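Written out below as structure tokens is the structure these notes cover.
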Amino acid sequence: MRVTINEIKEMKRREEKIPMLTAYDYSTAKLVDEAGVPLILVGDSLGMVILGYETTIPVTMDEMIHHTKAVVRGTKRALIIGDMPFMTYHTSISDALYNAARFIQEGGAQAVKLEGGEVVAETVRRIVNCGIPVMGHIGLTPQSIYQLGGFKVQGKTPEAAGRLIRDACALDEAGAFSIVLEAVPAPLSKLITQKVSVPTIGIGAGPDCDGQVQVINDILGLFTEFVPKHAKQYAKLAEIIRTALTDYATEVKAGSFPTMKQSYTMDESLLKELVNSA
Ligand code: KIV
């Protein structure tokens, strides 16, 4: 049985911190699940760390569904959240419901995430009313990168901080089961966390959120183009992979890989027969 949204909400009540990670493929998702992480986000960060786009904006529903299916196949226990791509929930409520339903029905996810506060609150309410759990996402919302003017910390002025508090309350009110706070000053995250009834999940939002989310490629040291200030590298896998790949290429060129240990043998008499008839 997978983790439920009620168990996640219960964790806030028990003051038990909630770990969450992104995953985009079967093998990695399996490892994350086996590590006991209860929430896995198939983030649209897929676009940047897996597909090589400069932003998350080009990511499509079909790409997200393809990767969500793989993550679902690799997991047994974690609750899987599909990240709704740019403009797939803004054009109309019916588009939002249709695309949210695709994540659940085709992708096999148990919840969806979408970016925005007061502006998307009615959409959140309508998706939740259809029985699909929704995770909100406010602060730095990468799908609005051109409007925000870059990957910057949000909520730094009194107006912006007030707006974020209102956004969080609107999502809570609309029935979101949790809210991601991205690049929000730590004291403001703490205030929001105390104000809303559902768990806050921080990324670059300080230690007082109810949970934390990270992009898996960042914490494993796999994405080397830049390391965000909020990420801690628990491993430097890019270096390990680079060494392994160079060793492989060197051994193939030198003829030292494969040896007979990595080869298959055949029946001696059959071999003699083949040699004789050749
Ligand atoms: O797409 C993503 O990975 C995200 C997380 C950073 C919250 O939205």
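The values are calculated or read from the model by the stated rules, or taken from the named source; none is laboratory data. Worth saying up front: this structure is predicted, and the values here are computed from it rather than measured. With ideal geometry, Cβ positions are generated from the backbone for all residues, glycine too; neighbour counts draw on all protein chains shown.
Quick notes on this one:
- Test for V215: is it away from the ligand (no atom under 16 Å from the Cβ) and either surrounded by 13 or more Cβ atoms within 10 Å (Cβ to Cβ) or in contact (Cβ under 8 Å) with a residue 60 or more places away in the chain (or both): no
- Residue within the range 62-74 that is part of a loop (DSSP other than H, G, I, E, B), under 22 Å from V213 (Cβ atoms) and of a type outside the set (G, A, S) present: no
- Among residues of the range 75-92 being within 11 Å of the ligand (Cβ to nearest atom) and not in a loop (DSSP other than H, G, I, E, B), the one that is surrounded by the most Cβ atoms within 10 Å (Cβ to Cβ) is G82.
- Hits in the range 183-212 - residues which are among the small types (G, A, S), more than 12 Å from the ligand (Cβ to nearest atom) and closer than 16 Å to M20 by Cβ: S189, G206
- Sole residue being touching a residue at least 40 places away in the same chain (Cβ under 8 Å) and assigned by TED's automatic domain parsing to the domain that holds T28, chosen from T123, T56: T56
- You will find that of S144, S178, the residue that is surrounded by 22 or more Cβ atoms within 10 Å (Cβ to Cβ) and of a type in the set (S, T, Y) is S178 and no other.
- Test: residue in the range 111-132 that is within 14 Å of the ligand (Cβ to nearest atom), in a loop (DSSP other than H, G, I, E, B) and touching a strand residue (DSSP E or B) at 6+ places or on another chain (Cβ under 6 Å): yes
- Checked against the criteria, M48 counts as surrounded by 15 or more Cβ atoms within 10 Å (Cβ to Cβ), within 11 Å of the ligand (Cβ to nearest atom), part of a helix (DSSP H, G or I) and in the same structural domain as L114 (by TED's automatic domain parsing).
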